[in-house]
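First up is the structure itself, then whatever we jot down about it.
The values are calculated or read from the model by the stated rules, or taken from the named source; none is laboratory data. Predicted model only: the values in this text are computed from it and were never measured. Cβ placement follows ideal geometry from the backbone for every residue including glycine, while neighbour counts extend to all protein chains displayed. All accessible areas refer to the heavy atoms of the entire protein, side chains included, with ligands and DNA or RNA removed. Shrake-Rupley method; radii C 1.70, N 1.55, O 1.52, S 1.80 Å.
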Amino acid sequence: MAFTLLDSRSQFVPQTAAFAEWLLPDGTRSASFYRTRGGYLVRFPDLADFEISRDALAIACHPAPSVTEATCRNLYLNQVLPLALSKRGKLVIHASAVELPPDHAAIFAGRSGSGKSTLAASFATAGCPFLSDDGLVVEEDGYGYRAAPSHPSIRLWNDSEDAVIGAGPLAMSTARAPSKKRFDAQGPIVFCREPRPLSCVYFLGEADAAVPQFERLAASQALIEWVRNSFLLDPEERPLLASHFERLTNLVVRLPCFRLRYPRRFDALGSVRRAIAEHCSSTLRR
(Lines give C-alpha, C1' and ligand atoms only; values in the text may rest on other atoms or scores of the structure.)
Protein backbone atom coordinates (compact mmCIF):
# COMPACT_ATOMS: atom_id res chain seq x y z
CA MET A 1 0.00 0.00 0.00
CA ALA A 2 1.57 3.29 -1.16
CA PHE A 3 1.47 6.39 1.05
CA THR A 4 2.39 9.84 -0.33
CA LEU A 5 2.72 13.02 1.70
CA LEU A 6 1.84 15.99 -0.54
CA ASP A 7 2.10 19.76 -0.09
CA SER A 8 -0.07 21.46 2.50
CA ARG A 9 -3.31 23.13 1.44
CA SER A 10 -6.36 24.73 3.00
CA GLN A 11 -9.32 22.41 3.38
CA PHE A 12 -11.80 23.15 0.60
CA VAL A 13 -15.57 22.63 0.80
CA PRO A 14 -16.34 19.17 -0.68
CA GLN A 15 -18.81 19.00 -3.58
CA THR A 16 -20.83 16.23 -1.94
CA ALA A 17 -22.15 15.69 1.58
CA ALA A 18 -20.27 13.43 3.97
CA PHE A 19 -21.64 9.89 4.03
CA ALA A 20 -20.22 9.19 7.52
CA GLU A 21 -18.66 11.04 10.45
CA TRP A 22 -16.68 10.24 13.58
CA LEU A 23 -17.71 12.20 16.65
CA LEU A 24 -15.87 12.63 19.93
CA PRO A 25 -17.78 12.12 23.22
CA ASP A 26 -18.40 15.88 23.44
CA GLY A 27 -19.94 15.91 19.95
CA THR A 28 -16.93 17.43 18.19
CA ARG A 29 -16.42 16.08 14.66
CA SER A 30 -13.07 14.25 14.48
CA ALA A 31 -13.37 12.94 10.89
CA SER A 32 -15.69 13.18 7.89
CA PHE A 33 -15.93 10.74 4.98
CA TYR A 34 -16.68 11.66 1.37
CA ARG A 35 -16.91 9.78 -1.90
CA THR A 36 -14.90 11.16 -4.81
CA ARG A 37 -14.45 10.22 -8.47
CA GLY A 38 -11.25 8.37 -7.65
CA GLY A 39 -12.30 6.81 -4.36
CA TYR A 40 -12.63 8.47 -0.96
CA LEU A 41 -11.68 11.59 0.95
CA VAL A 42 -11.19 11.27 4.71
CA ARG A 43 -10.98 14.68 6.36
CA PHE A 44 -9.63 15.39 9.83
CA PRO A 45 -10.78 18.99 10.42
CA ASP A 46 -7.92 21.51 10.58
CA LEU A 47 -5.38 18.66 10.40
CA ALA A 48 -5.27 16.82 7.06
CA ASP A 49 -7.14 15.44 4.06
CA PHE A 50 -6.42 11.84 3.02
CA GLU A 51 -7.33 10.69 -0.48
CA ILE A 52 -7.80 6.92 -0.72
CA SER A 53 -7.99 5.25 -4.12
CA ARG A 54 -11.03 3.15 -4.93
CA ASP A 55 -9.02 -0.06 -4.53
CA ALA A 56 -7.40 1.31 -1.33
CA LEU A 57 -3.91 0.61 -2.64
CA ALA A 58 -2.84 4.27 -2.80
CA ILE A 59 -3.20 6.92 -0.09
CA ALA A 60 -2.20 10.58 -0.44
CA CYS A 61 -2.19 13.15 2.35
CA HIS A 62 -2.59 16.92 2.11
CA PRO A 63 -1.73 18.46 5.50
CA ALA A 64 -3.58 21.59 6.53
CA PRO A 65 -1.31 24.65 6.78
CA SER A 66 1.19 24.46 9.68
CA VAL A 67 0.38 20.81 10.46
CA THR A 68 3.52 18.70 10.93
CA GLU A 69 4.56 15.60 9.03
CA ALA A 70 4.61 13.68 12.34
CA THR A 71 0.93 14.49 12.90
CA CYS A 72 0.05 13.28 9.40
CA ARG A 73 1.95 10.04 9.84
CA ASN A 74 0.25 9.44 13.18
CA LEU A 75 -3.14 9.90 11.54
CA TYR A 76 -2.12 7.62 8.69
CA LEU A 77 -0.88 4.78 10.91
CA ASN A 78 -3.64 4.91 13.51
CA GLN A 79 -6.71 5.89 11.52
CA VAL A 80 -6.32 5.87 7.75
CA LEU A 81 -4.29 2.71 7.19
CA PRO A 82 -6.75 0.57 9.22
CA LEU A 83 -9.61 2.03 7.16
CA ALA A 84 -7.82 1.20 3.91
CA LEU A 85 -7.11 -2.33 5.14
CA SER A 86 -10.81 -2.78 5.91
CA LYS A 87 -11.59 -1.76 2.33
CA ARG A 88 -9.15 -4.47 1.22
CA GLY A 89 -11.23 -7.06 3.09
CA LYS A 90 -9.22 -7.24 6.31
CA LEU A 91 -10.92 -7.49 9.70
CA VAL A 92 -9.51 -4.47 11.60
CA ILE A 93 -10.47 -3.59 15.17
CA HIS A 94 -9.94 -0.58 17.45
CA ALA A 95 -7.83 -2.65 19.82
CA SER A 96 -4.42 -3.17 21.33
CA ALA A 97 -2.95 -6.66 21.69
CA VAL A 98 -0.29 -8.27 23.85
CA GLU A 99 1.44 -11.64 23.92
CA LEU A 100 0.79 -13.73 27.03
CA PRO A 101 2.28 -17.14 27.91
CA PRO A 102 2.21 -19.60 26.30
CA ASP A 103 2.60 -17.67 23.01
CA HIS A 104 -1.02 -16.56 22.83
CA ALA A 105 -2.50 -13.10 22.37
CA ALA A 106 -5.10 -11.18 24.34
CA ILE A 107 -6.70 -8.09 22.90
CA PHE A 108 -8.16 -4.99 24.55
CA ALA A 109 -10.85 -3.20 22.56
CA GLY A 110 -12.70 -0.03 23.41
CA ARG A 111 -13.39 3.60 22.63
CA SER A 112 -10.67 6.23 22.58
CA GLY A 113 -9.51 6.98 26.11
CA SER A 114 -10.62 3.63 27.56
CA GLY A 115 -7.04 2.59 28.38
CA LYS A 116 -6.05 0.28 25.51
CA SER A 117 -2.63 1.83 24.92
CA THR A 118 -1.81 2.15 28.62
CA LEU A 119 -2.59 -1.53 29.18
CA ALA A 120 -0.52 -2.59 26.16
CA ALA A 121 2.43 -0.44 27.23
CA SER A 122 2.19 -1.73 30.79
CA PHE A 123 2.39 -5.33 29.61
CA ALA A 124 5.15 -4.51 27.10
CA THR A 125 7.36 -2.92 29.74
CA ALA A 126 6.73 -5.89 32.07
CA GLY A 127 8.08 -8.45 29.58
CA CYS A 128 4.91 -9.32 27.64
CA PRO A 129 5.44 -7.96 24.09
CA PHE A 130 2.69 -5.96 22.41
CA LEU A 131 1.48 -6.68 18.87
CA SER A 132 -0.63 -3.59 18.25
CA ASP A 133 -1.48 -0.27 19.82
CA ASP A 134 -4.62 0.26 17.71
CA GLY A 135 -5.88 -0.83 14.32
CA LEU A 136 -5.42 -4.54 15.06
CA VAL A 137 -5.80 -6.94 12.13
CA VAL A 138 -7.47 -10.23 13.12
CA GLU A 139 -6.75 -13.12 10.76
CA GLU A 140 -8.50 -16.47 10.50
CA ASP A 141 -6.46 -19.62 10.03
CA GLY A 142 -7.22 -23.35 10.05
CA TYR A 143 -7.12 -23.53 13.84
CA GLY A 144 -8.85 -20.33 14.91
CA TYR A 145 -7.85 -16.67 14.86
CA ARG A 146 -4.56 -14.81 15.07
CA ALA A 147 -3.59 -11.29 16.08
CA ALA A 148 -1.26 -9.81 13.47
CA PRO A 149 1.53 -7.41 14.49
CA SER A 150 1.13 -3.84 13.28
CA HIS A 151 3.48 -0.85 13.40
CA PRO A 152 6.12 -1.37 16.16
CA SER A 153 5.24 1.78 18.08
CA ILE A 154 2.82 2.84 20.75
CA ARG A 155 1.21 6.21 21.56
CA LEU A 156 0.74 7.47 25.10
CA TRP A 157 -0.53 10.56 26.85
CA ASN A 158 1.97 12.34 29.09
CA ASP A 159 0.60 10.89 32.31
CA SER A 160 0.73 7.32 30.97
CA GLU A 161 4.26 7.91 29.67
CA ASP A 162 5.44 9.03 33.10
CA ALA A 163 3.77 6.19 34.96
CA VAL A 164 4.45 3.29 32.57
CA ILE A 165 7.79 4.14 30.97
CA GLY A 166 9.36 6.43 33.54
CA ALA A 167 8.80 7.58 37.10
CA GLY A 168 5.59 9.53 37.46
CA PRO A 169 2.35 10.14 39.36
CA LEU A 170 0.12 7.31 40.54
CA ALA A 171 -3.15 8.99 39.59
CA MET A 172 -4.57 9.85 36.20
CA SER A 173 -3.86 13.48 35.32
CA THR A 174 -6.72 15.59 34.00
CA ALA A 175 -4.31 17.90 32.14
CA ARG A 176 -3.45 16.38 28.78
CA ALA A 177 -1.34 17.43 25.85
CA PRO A 178 -3.14 18.13 22.53
CA SER A 179 -2.07 14.73 21.23
CA LYS A 180 -0.37 11.54 22.24
CA LYS A 181 3.36 10.98 21.86
CA ARG A 182 4.59 8.03 19.80
CA PHE A 183 7.24 5.67 21.19
CA ASP A 184 9.09 3.16 19.02
CA ALA A 185 9.50 -0.37 20.31
CA GLN A 186 12.91 -0.25 21.92
CA GLY A 187 14.45 -0.27 25.39
CA PRO A 188 11.74 -1.18 27.90
CA ILE A 189 8.98 -1.43 25.25
CA VAL A 190 9.01 -4.96 23.82
CA PHE A 191 7.31 -5.76 20.50
CA CYS A 192 6.15 -9.12 19.10
CA ARG A 193 6.86 -9.38 15.37
CA GLU A 194 5.02 -12.65 14.66
CA PRO A 195 1.26 -13.35 14.62
CA ARG A 196 -0.04 -15.05 17.75
CA PRO A 197 -3.14 -17.24 18.25
CA LEU A 198 -5.95 -15.27 19.86
CA SER A 199 -7.11 -16.66 23.19
CA CYS A 200 -9.17 -13.91 24.86
CA VAL A 201 -10.90 -10.70 23.88
CA TYR A 202 -11.52 -8.02 26.48
CA PHE A 203 -13.87 -5.10 25.82
CA LEU A 204 -12.96 -2.35 28.24
CA GLY A 205 -15.84 -1.19 30.40
CA GLU A 206 -16.33 1.79 32.63
CA ALA A 207 -13.81 2.70 35.33
CA ASP A 208 -16.18 1.70 38.12
CA ALA A 209 -14.41 -1.30 39.65
CA ALA A 210 -12.16 -1.41 42.71
CA VAL A 211 -10.63 -4.68 41.46
CA PRO A 212 -10.58 -6.28 37.97
CA GLN A 213 -13.92 -7.84 37.05
CA PHE A 214 -14.51 -10.19 34.10
CA GLU A 215 -17.95 -10.75 32.61
CA ARG A 216 -18.40 -13.37 29.88
CA LEU A 217 -20.43 -11.91 27.02
CA ALA A 218 -23.09 -13.82 25.14
CA ALA A 219 -22.50 -14.10 21.40
CA SER A 220 -25.14 -11.42 20.69
CA GLN A 221 -23.51 -9.00 23.15
CA ALA A 222 -20.04 -9.71 21.78
CA LEU A 223 -21.23 -9.14 18.20
CA ILE A 224 -22.47 -5.65 19.12
CA GLU A 225 -19.08 -4.85 20.67
CA TRP A 226 -17.14 -6.14 17.65
CA VAL A 227 -19.31 -4.07 15.29
CA ARG A 228 -18.94 -0.99 17.49
CA ASN A 229 -15.14 -1.30 17.53
CA SER A 230 -14.59 -2.21 13.86
CA PHE A 231 -12.83 -0.08 11.28
CA LEU A 232 -14.97 0.12 8.13
CA LEU A 233 -14.24 2.65 5.39
CA ASP A 234 -17.51 2.34 3.48
CA PRO A 235 -20.42 0.87 5.49
CA GLU A 236 -22.69 1.26 2.46
CA GLU A 237 -20.70 -1.17 0.31
CA ARG A 238 -23.09 -4.09 0.65
CA PRO A 239 -20.91 -7.06 -0.40
CA LEU A 240 -18.06 -5.98 1.88
CA LEU A 241 -20.48 -5.23 4.72
CA ALA A 242 -22.15 -8.65 4.35
CA SER A 243 -18.76 -10.37 4.42
CA HIS A 244 -17.74 -8.33 7.46
CA PHE A 245 -20.83 -9.34 9.45
CA GLU A 246 -20.49 -12.99 8.43
CA ARG A 247 -16.91 -13.10 9.72
CA LEU A 248 -17.86 -11.38 12.96
CA THR A 249 -20.76 -13.78 13.48
CA ASN A 250 -18.42 -16.76 13.09
CA LEU A 251 -15.82 -15.16 15.31
CA VAL A 252 -18.02 -14.51 18.35
CA VAL A 253 -19.03 -18.18 18.65
CA ARG A 254 -15.40 -19.35 18.51
CA LEU A 255 -13.57 -16.79 20.65
CA PRO A 256 -14.28 -16.12 24.34
CA CYS A 257 -15.18 -12.45 24.79
CA PHE A 258 -15.39 -10.63 28.10
CA ARG A 259 -16.28 -7.24 29.48
CA LEU A 260 -13.35 -6.06 31.61
CA ARG A 261 -13.82 -3.45 34.31
CA TYR A 262 -10.77 -2.44 36.26
CA PRO A 263 -9.50 0.47 38.39
CA ARG A 264 -8.03 3.29 36.29
CA ARG A 265 -5.15 3.98 38.65
CA PHE A 266 -1.52 3.67 37.63
CA ASP A 267 -0.58 2.15 40.98
CA ALA A 268 -3.05 -0.69 40.25
CA LEU A 269 -1.57 -1.65 36.87
CA GLY A 270 0.58 -4.46 38.32
CA SER A 271 -2.39 -6.18 39.95
CA VAL A 272 -4.50 -5.61 36.81
CA ARG A 273 -1.83 -7.29 34.64
CA ARG A 274 -1.66 -10.28 36.97
CA ALA A 275 -5.44 -10.63 37.05
CA ILE A 276 -5.67 -10.53 33.23
CA ALA A 277 -2.83 -13.05 32.79
CA GLU A 278 -4.42 -15.44 35.31
CA HIS A 279 -7.87 -15.05 33.78
CA CYS A 280 -6.57 -15.63 30.25
CA SER A 281 -4.58 -18.69 31.38
CA SER A 282 -7.62 -20.21 33.14
CA THR A 283 -9.78 -19.55 30.05
CA LEU A 284 -7.27 -21.44 27.89
CA ARG A 285 -7.43 -24.46 30.20
CA ARG A 286 -11.20 -24.76 29.95
Relative contact order in percent for the chain (Cα pairs under 8 Å, 6+ apart) equals 16 percent
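Check each of the GluC sites (Glu not before Pro) in the range 191-286 and keep only those in coil by DSSP with at most 15 other C-beta atoms within 10 angstrom; list them in order. Provide the component values of the computation, followed by the final result.
Working: sites: E206, E215, E225, E236, E237, E246, E278; in loops: E206, E236, E237.
In loop regions of the range 191-286 (DSSP not H, G, I, E or B), the sparsely surrounded GluC sites (Glu not before Pro) are E206, E236, E237.
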Just K180, K87, K116 to compare: in a GNM of the chain, with alpha carbon springs under 10 Å, which one fluctuates most? K180
Taking every pair of alpha-carbon atoms in the range 203-263, give the share separated by more than 12 Å as a whole percent. 70 percent
Reachable lysines from K181, criterion Cα separation under 19 angstrom, eight or more residues apart if same chain: K116
Of all accessible surface on the chain at a 1.4 Å probe, what whole percent is carbon and sulfur? 51 percent
Summed residue charge, Cβ within 14 Å of G144's Cβ, Lys/Arg positive, Asp/Glu negative: 0
Stokes-Einstein D (µm²/s) once Rh is taken as the Kirkwood radius of the chain over alpha-carbon pairs, at 4 °C in 1.567 mPa s: 66 µm²/s
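Based on the mean of other beta carbon atoms within 10 Å per residue, what is the order of 74-86, 43-55, most packed first? Before the final figure, lay out each step's value.
Working: 74-86: 21.9, 43-55: 18.8.
Packing proxy ranking, top to bottom: 74-86, 43-55.
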So for the chain: antiparallel DSSP bridges make up what percent, rounded to the nearest 5? 75 percent
Hey, for a label at D141 modelled as a point 7 Å past Cα toward Cβ, could you say which residues of the range 98-126 have their backbone N under 20 Å away? 98-108
Accessible surface, the chain, averaged per residue in Å² (probe 1.4 Å): 48 Å²
Can you tell which of T16, T71, T118 shows the greatest fluctuation in a Gaussian network model of the chain with Cα springs below 10 Å? T16
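Please compute the length gained on full extension between V227 and K181, using 0.36 nm multiplied by the number of residues separating them and subtracting their Cα-Cα distance.
Numbers: separation 46, 0.36 × 46 = 16.56 nm, distance 2.80 nm.
Going from the current span to full extension adds 13.8 nm.
Gain in length, F3 to R247, computed as 0.36 nm per residue apart minus the alpha-carbon separation, to one decimal in nm?
Numbers: separation 244, 0.36 × 244 = 87.84 nm, distance 2.82 nm.
Extending this stretch completely gives an extra 85.0 nm.
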Per residue Cα convex hull volume in Å³ - calculated over the range 1-60: 97 Å³
Alpha-carbon centroids, the range 110-154 and the range 40-71: separation in whole Å: 25 Å
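Report the full-extension gain for the segment S271 to R73: residue separation times 0.36 nm, less the Cα-Cα distance, to one decimal in nm. Walk me through the numbers before you get to the answer.
Working: separation 198, 0.36 × 198 = 71.28 nm, distance 3.45 nm.
Computed gain between S271 and R73 is 67.8 nm.
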Spin-label point model (7 Å from Cα, Cβ direction): what's the E21 to T36 distance in nm? 2.1 nm
